[in-house]
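Some notes on the structure that comes next.
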There are 2 protein chains.
Amino acid sequence: MTMVIGGASAASLAAALTEAAQDIDEALDQLLPVVEGDEARLFEAMRYSTIGGGKRMRGFLVLEGAKQFGVSRSAALRVASAIEMMHAYSLIHDDLPAMDNDDLRRGKPTSHKAFDEATAILAGDSLQCHAFTVLADEATHPDPAVRIELVRMLARAAGPRGMCGGQMLDIMAEQAAEPLDEPAIGRLQLLKTGKLIEFSAEAGAVLGKAAAAQRHALAAYGRDLGAAFQIADDLLDATASTEAMGKATAKDADAGKATLVGLLGIERARMQAERLVAQARDHIEIFGERADLLRALADYVIERRS
Amino acid sequence: MTMVIGGASAASLAAALTEAAQDIDEALDQLLPVVEGDEARLFEAMRYSTIGGGKRMRGFLVLEGAKQFGVSRSAALRVASAIEMMHAYSLIHDDLPAMDNDDLRRGKPTSHKAFDEATAILAGDSLQCHAFTVLADEATHPDPAVRIELVRMLARAAGPRGMCGGQMLDIMAEQAAEPLDEPAIGRLQLLKTGKLIEFSAEAGAVLGKAAAAQRHALAAYGRDLGAAFQIADDLLDATASTEAMGKATAKDADAGKATLVGLLGIERARMQAERLVAQARDHIEIFGERADLLRALADYVIERRS
């Protein structure tokens with residue numbers, strides 16, 4: 001029997017995720033071409049860390065958000081590719097020896113292991129930049145006001161008051177004498193991973209020039225989904241095997257990292273994630289059946305095993 | 001006797017550069033606020049490498065380009081600040097141990113020495129991102145088409161086919177068995193430093209919604225100025241003292257770096273720089289007296305001693 005989640009089966013979510021991942025990979029393949037000559041190495045490194053890996057949750061959110069407003073698939077795929085480039089850049093830099101010093105990512109050597117540190121730093125820098133190039137191009141949307149709004153949102157979500165700020169808090173938390181309390185952990189995670197997920201959920205509404213209420217609904221969904229996703233990630237880190245995850249696990253506890261799981265324990269953390277998922281679902285009630293896959297995704301993030 | 005260069009004295013250029021540097025520092029101080037709490041360190045590192053240093057040639061180019069079209073000083077200062085953030089980020093990352101491994105920059109310890117490597121990487125990442133936040137904000141220009149064009153230009157100039165691509169070529173040239181030939185060096189430098197300088201010269205025309213011919217004239221001026229500037233930089237590296245430069249010198253020869261000076265010799269390299277400066281001046285003839293400071297700047301880049 002296939003489990004039915006809020007109208008969309010887990011099987012149909014899996015199929016939609018697979019299709020989205022394939023489409024996003026094709027779009028990335030176009031947007032990050034194989035080049036000749038000495039620059040080949042940089043594009044190769046950019047492609048290595050971006051194409052053919054990850055669940056593409058962020059890209060999927062863009063595509064499903066855009067679907068609520070009848071946005072063309074090709075436009076949505078450009079924005080989905082831009083957010084996946086931004087995400088890939090953050091992983092490359094987070095994995096560097098001076099940061100988390102990880103050797104394994106998505107089941108293969110990290111960028112600085114497959115290439116070298118200098119190339120990894122540059123590939124990350126280039127991917128961040130290229131994400132903005134993709135958003136700024138007319139092919140993303142004919143209206144410059146839409147494109148500049150996407151740039152503004154992404155730059156804020158990824159900058160010092162977003163992802164980079166969260167990464168800084170994370171590094172400082174590891175070095176701090178006192179462990180973080182619950183509000184501080186929540187804030188760290190909102191910045192470090194939540195802001196990009198919120199952007200992803202909201203971007204489709206911007207592409208579709210949606211009314212403010214609809215746009216806010218998707219953003220709120222993204223915020224709660226992101227928070228639930230982070231708790232789920234921490235739960236997996238605490239319980240899953242390295243093999244299933246394709247990256248090192250139990251690292252957080254080893255590194256003394258502050259997580260909600262460490263603070264609340266596995267059961268209470270799981271309950272909180274469930275509460276967040278229920279909230280996320282509530283936010284998108286206004287979209288009706290059309291948002292079934294977004295509901296299924298919310299359920300999936302706390303049920304996944306890898 | 002004050003030397004007179006093309007209508008503007010060296011003294012009036014010096015005064016204009018000083019004024020521009022002060023105004024840009026004030027703008028950067030507003031755009032990169034001192035914050036409280038744990039993120040303080042990230043903003044502190046961003047400020048450390050951005051405010052109060054450098055000749056601000058790129059920012060000055062934006063301001064003088066904008067002046068040709070009567071653009072408001074406050075708008076031009078935002079774009080000047082954005083390009084200086086982008087430049088500062090590139091210096092922070094270039095100085096990292098995995099890249100050029102420099103301890104000294106603008107006469108003070110490099111970011112990873114003053115803070116640590118992780119913070120330096122994040123400060124660079126944040127500065128790149130924040131440059132786009134500044135451009136995307138309505139305060140830069142009321143017309144979204146102007147803002148998105150600036151974003152598009154800057155992202156291209158800084159990305160894998162611009163500054164990052166040039167840096168990759170530079171790293172590979174150091175590791176290559178054969179030294180680069182003249183066209184390859186020219187291409188490397190066009191990408192690594194030329195593209196951002198070209199952007200800086202052209203940006204004012206975009207802000208001023210200038211006619212295509214005027215915009216192209218400023219861009220061409222920027223390209224030649226950038227090439228001349230790079231040769232002058234290499235000449236200084238070959239001849240000046242560490243003290244005068246505020247950073248390590250004679251590094252290029254020590255590192256076996258390919259430069260035009262190494263390939264052509266000091267005299268022929270100097271002649272080429274002079275030819276480029278003459279070309280740069282020709283491009284902006286159409287602007288008349290209003291562009292006297294841009295002409296004086298072109299002369300200055302090959303006459304400066306630090």
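Every condition in (1) over 22 Å from A:A210 (Cβ atoms); (2) open to solvent by 10 Å² or more (accessible area, probe 1.4 Å) is met by A:G124 except one, and the failing one is (2). Checked against (1) part of a helix (DSSP H, G or I); (2) of a type in the set (D, E, K, R); (3) open to solvent by 60 Å² or more (accessible area, probe 1.4 Å), B:E178 meets all criteria but (1). Kindly evaluate A:G194 against the criterion of being more than 8 Å from chain B (Cβ to nearest Cβ), surrounded by 20 or more Cβ atoms within 10 Å (Cβ to Cβ), touching a helix residue (DSSP H, G or I) at 6+ places or on another chain (Cβ under 7 Å) and over 22 Å from A:K67 (Cβ atoms). So A:G194 passes the test.
Considering only residues of the range A:257-286 that are open to solvent by less than 30 Å² (accessible area, probe 1.4 Å) and either farther than 25 Å from A:L188 by Cα or among the β-branched types (V, I, T) (or both), which is modelled with the lowest pLDDT? This residue is A:T259. Considering the range B:95-173, the qualifying helices (runs of 4 or more DSSP H), each wholly inside and each with 2 or more residues that are farther than 23 Å from A:L127 by Cα and facing chain A (nearest Cβ under 9 Å), run over B:144-158.
In the set (1) touching a residue at least 12 places away in the same chain (Cβ under 8 Å); (2) farther than 22 Å from A:A203 by Cα; (3) surrounded by fewer than 23 Cβ atoms within 10 Å (Cβ to Cβ); (4) within 14 Å of chain B (Cβ to nearest Cβ), the condition left unmet by A:A10 is number (4).
If you check A:L188, A:L207 for being of a type in the set (A, V, I, L, M, F, W, C) and facing chain B (nearest Cβ under 10 Å), only one passes: A:L188.
Which residue is most open to solvent (accessible area, probe 1.4 Å), if the candidates are limited to the range B:28-43 and must be part of a helix (DSSP H, G or I) and in contact (Cβ under 8 Å) with a residue 60 or more places away in the chain? Taking the candidates together, the pick is B:R41.
B:H87 passes every criterion in (1) closer than 17 Å to B:L150 by Cβ; (2) in a loop (DSSP other than H, G, I, E, B); (3) under 15 Å from the mean Cα position of the chain (by Cα) apart from (2). Residues in the range B:35-55 that are of a type in the set (G, A, S), over 22 Å from B:I83 (Cα atoms) and at pLDDT below 90: B:G37 only. Among the residues of the range A:64-74, those that are open to solvent by 10 Å² or more (accessible area, probe 1.4 Å) and outside any loop (DSSP other than H, G, I, E, B) comprise A:K67, A:R73, A:S74. Checking each residue in the range A:88-101 for being of a type outside the set (A, V, I, L, M, F, W, C) and surrounded by 24 or more Cβ atoms within 10 Å (Cβ to Cβ) picks out A:Y89, A:H93. Of everything in the range B:197-212 that is among the hydrophobic types (A, V, I, L, M, F, W, C) and open to solvent by less than 30 Å² (accessible area, probe 1.4 Å), the residue that is nearest to B:L294 (Cα to Cα) is B:A201. Restricting the range B:161-175 to residues that are open to solvent by 10 Å² or more (accessible area, probe 1.4 Å) and free of Cβ contacts under 8 Å to residues at least 60 places away in the same chain leaves a set whose member that is farthest from B:A228 (Cα to Cα) is B:Q175.
The values are calculated or read from the model by the stated rules, or taken from the named source; none is laboratory data. The structure presented is a predicted model; accordingly, all values stated were derived computationally and were not measured. Every residue, glycine among them, receives a Cβ derived from its backbone with ideal geometry; neighbour counts consider all protein chains shown. Just so you know, the surface numbers come from the protein's heavy atoms only, side chains and all, with ligands and any DNA or RNA stripped out. Shrake-Rupley method; radii C 1.70, N 1.55, O 1.52, S 1.80 Å.
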